[in-house]
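Before any comments, here is the structure.
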């Protein structure tokens, strides 16, 4: 885990509900296996690429009236095969209207998104992001895309498949969650 755990190892573990009551208005924070984890503030490239990803996905989703797009570390409850709770903050998440019908967005963590996009921060290790992608998939997310600003590449994760690595000249399509979407990988970095 790349971050500083704020709770000492001896402090009681939090449930997702306790975490939300205490920290729902904070940013750059997650609950990992019952412990509060704070992440360093990302730098300009991270925010720029998150915005590009959110814009590209939102533009397509709104045009086709498919659902909602969330950004800014929106909380997603991740159910691990452990007795403790984990709540992650997705950089960009798409939730279809099938999972969250039209109407008000309920408070609290969003249901398992159809798509999560994570942008690698300078402090992130690839192995940590791969583990995080696996957590999302185990929680019911269909597709996880991890974008790496350093290499201007991305990896697409799906349940029971090896990740697909894509580079600047490739085109990202996600027919299982966003049929018809076609984005040049380079667009995330332009």
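Looking at 155, 112, which one is free of Cβ contacts under 8 Å to residues at least 60 places away in the same chain, surrounded by 15 or more Cβ atoms within 10 Å (Cβ to Cβ) and not in a strand (DSSP E or B)? Write out each step before concluding.
Numbers: 155 fails: not in a strand (DSSP E or B).
Being free of Cβ contacts under 8 Å to residues at least 60 places away in the same chain, surrounded by 15 or more Cβ atoms within 10 Å (Cβ to Cβ) and not in a strand (DSSP E or B) holds for just one of 155, 112, which is 112.
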Query raised in the report: Within the range 113-126, is there a residue that is modelled with pLDDT under 95, over 11 Å from the mean Cα position of the chain (by Cα) and under 22 Å from residue 66 (Cβ atoms)?
Result: no
Query raised in the report: Among all residue pairs at least 6 apart or on different chains, which show Cβ distances below 9 Å where the first residue, located in the range 43-62, is in contact (Cβ under 8 Å) with a residue 12 or more places away in the chain and the second is part of a helix (DSSP H, G or I) and surrounded by 18 or more Cβ atoms within 10 Å (Cβ to Cβ)?
Result: 49/188; 52/188; 53/188; 56/188
Query raised in the report: Among the listed residues 130, 121, which satisfies the condition of being over 21 Å from residue 181 (Cα atoms) and in a loop (DSSP other than H, G, I, E, B)?
Result: 121
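Tell me, please, whether a residue that is closer than 15 Å to residue 54 by Cα, in contact (Cβ under 8 Å) with a residue 40 or more places away in the chain and either surrounded by 18 or more Cβ atoms within 10 Å (Cβ to Cβ) or within 13 Å of the chain's Cα centre (by Cα) (or both) can be found in the range 74-89. So that I can check it myself, show each step before the final result.
To start, the set of residues in the range 74-89 that are closer than 15 Å to residue 54 by Cα comprises 74, 89.
Okay, now just the ones that are also in contact (Cβ under 8 Å) with a residue 40 or more places away in the chain, so 89.
Adding the requirement that they be either surrounded by 18 or more Cβ atoms within 10 Å (Cβ to Cβ) or within 13 Å of the chain's Cα centre (by Cα) (or both) leaves 89.
Yes: the range 74-89 contains one or more residues that are closer than 15 Å to residue 54 by Cα, in contact (Cβ under 8 Å) with a residue 40 or more places away in the chain and either surrounded by 18 or more Cβ atoms within 10 Å (Cβ to Cβ) or within 13 Å of the chain's Cα centre (by Cα) (or both).
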Query - Filter pass, residue 135 being in contact (Cβ under 8 Å) with a residue 24 or more places away in the chain, buried (at least 17 other Cβ atoms within 10 Å of the Cβ) and not in a helix (DSSP H, G or I) - result: no
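Just name the residue that is farthest from residue 125 (Cα to Cα) out of those in the range 167-188 that are in a strand (DSSP E or B), within 18 Å of the chain's Cα centre (by Cα) and in contact (Cβ under 8 Å) with a residue 12 or more places away in the chain. Working first, answer last.
First, the residues of the range 167-188 that are in a strand (DSSP E or B): 167, 171-174, 178-184.
Filter once more, keeping what is within 18 Å of the chain's Cα centre (by Cα): 172-174, 178.
Now drop any that are not in contact (Cβ under 8 Å) with a residue 12 or more places away in the chain, which leaves 172, 174, 178.
Working: 172: 23, 174: 25, 178: 28 Å.
That would be 178.
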Query raised in the report: Can we say residue 145 is within 14 Å of the chain's Cα centre (by Cα) and assigned to a strand (DSSP E or B)?
Result: yes
**Report entry** Residue that is nearest to residue 141 (Cα to Cα), among those in the range 167-190 that are surrounded by 17 or more Cβ atoms within 10 Å (Cβ to Cβ) and touching a strand residue (DSSP E or B) at 6+ places or on another chain (Cβ under 6 Å)
**Finding:** 177
Query raised in the report: Do we have any residue at all in the range 38-60 that's modelled with pLDDT under 70, part of a strand (DSSP E or B) and touching a strand residue (DSSP E or B) at 6+ places or on another chain (Cβ under 7 Å)?
Result: yes
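If you take the residues in the range 61-71 that are more than 12 Å from residue 110 (Cβ to Cβ) and outside any helix (DSSP H, G or I), which one is farthest from the chain's Cα centre (by Cα)? Write out each step before concluding.
Of the range 61-71, the ones more than 12 Å from residue 110 (Cβ to Cβ) are 61-66.
With the extra rule that they be outside any helix (DSSP H, G or I), the set shrinks to 65-66.
Details: 65: 21, 66: 18 Å.
Per the criteria, the residue is 65.
The values are calculated or read from the model by the stated rules, or taken from the named source; none is laboratory data. Every value quoted in this text rests on a predicted model; they were computed, and no experiment measured them. Positions of Cβ are generated from backbone atoms using ideal geometry, with glycine treated the same way; all protein chains shown enter the neighbour counts.
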